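Down below is the structure, laid out as structure tokens.
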Amino acid sequence: YWLTTGKTVGGMSMYPQANLIDRETALRLWTEANTWFSSETGKKGQIKAGQLADLAVLSADYFSVPGDEIQDITSVLTILGG
């Protein structure tokens with residue numbers, strides 16, 4: 001929500017449009033690109049053979065909901081441990 005809208009949880013705009021990123025880039029940063037934090041680069045963060053198969057089924061389509069509704073998306077099913 002914050003990366004794509006530039007708004008705080010309370011809805012206050014903090015950043016200009018030029019500083020925002022698209023949803024696909026935000027998702028990639030949140031999944032694949034942050035695996036170095038846990039030293040799991042190449043082990044998780046992508047849907048491909050050999051990667052851990054943790055996943056979440058979301059309550060709404062992240063790519064199609066209005067920007068202000070991204071923060072309301074919840075997990076309806078989470079599978080851990082592949």
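All of the numbers you see were taken from the coordinates with simple rules; none came from a lab. None of these values were measured; they are calculated from a predicted model. Positions of Cβ are generated from backbone atoms using ideal geometry, with glycine treated the same way; all protein chains shown enter the neighbour counts.
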Residues located in the stretch 32-41, provided they are surrounded by 13 or more Cβ atoms within 10 Å (Cβ to Cβ) and not charged (D, E, K, R): Ala33, Asn34, Thr35, Thr41
Can you pull out the residues in the stretch 28-51 that are out of contact with any Leu (no Cβ under 9 Å at 6 or more places or on another chain) and aliphatic (A, V, I, L, M)? Ala33, Ala49
Does the stretch 8-31 include one or more residues that are surrounded by 10 or more Cβ atoms within 10 Å (Cβ to Cβ), free of Cβ contacts under 8 Å to residues at least 60 places away in the same chain, of a type in the set (Asp, Glu) and part of a loop (DSSP other than H, G, I, E, B)? yes
Any hit, the stretch 48-61, residues being farther than 19 Å from Gly81 by Cβ and of a type outside the set (A, V, I, L, M): yes
The stretch 47-71, subset in contact with a helix residue (DSSP H, G or I) (Cβ under 9 Å, 6 or more places away or on another chain) and polar (S, T, N, Q), residue farthest from Glu24 (Cα to Cα): Ser59
Return yes or no: is Gly45 surrounded by 10 or more Cβ atoms within 10 Å (Cβ to Cβ), of a type in the set (Gly, Ala, Ser) and within 19 Å of Thr5 (Cα to Cα)? no
Scanning the stretch 37-50 for residues that are closer than 25 Å to Thr74 by Cα and either in a helix (DSSP H, G or I) or of a type in the set (Val, Ile, Thr) (or both) gives Phe37, Ser38, Ile47
(1) of a type in the set (A, V, I, L, M, F, W, C); (2) in contact (Cβ under 8 Å) with a residue 12 or more places away in the chain; (3) surrounded by 10 or more Cβ atoms within 10 Å (Cβ to Cβ): which one isn't true of Val65, the others all being true? (2)
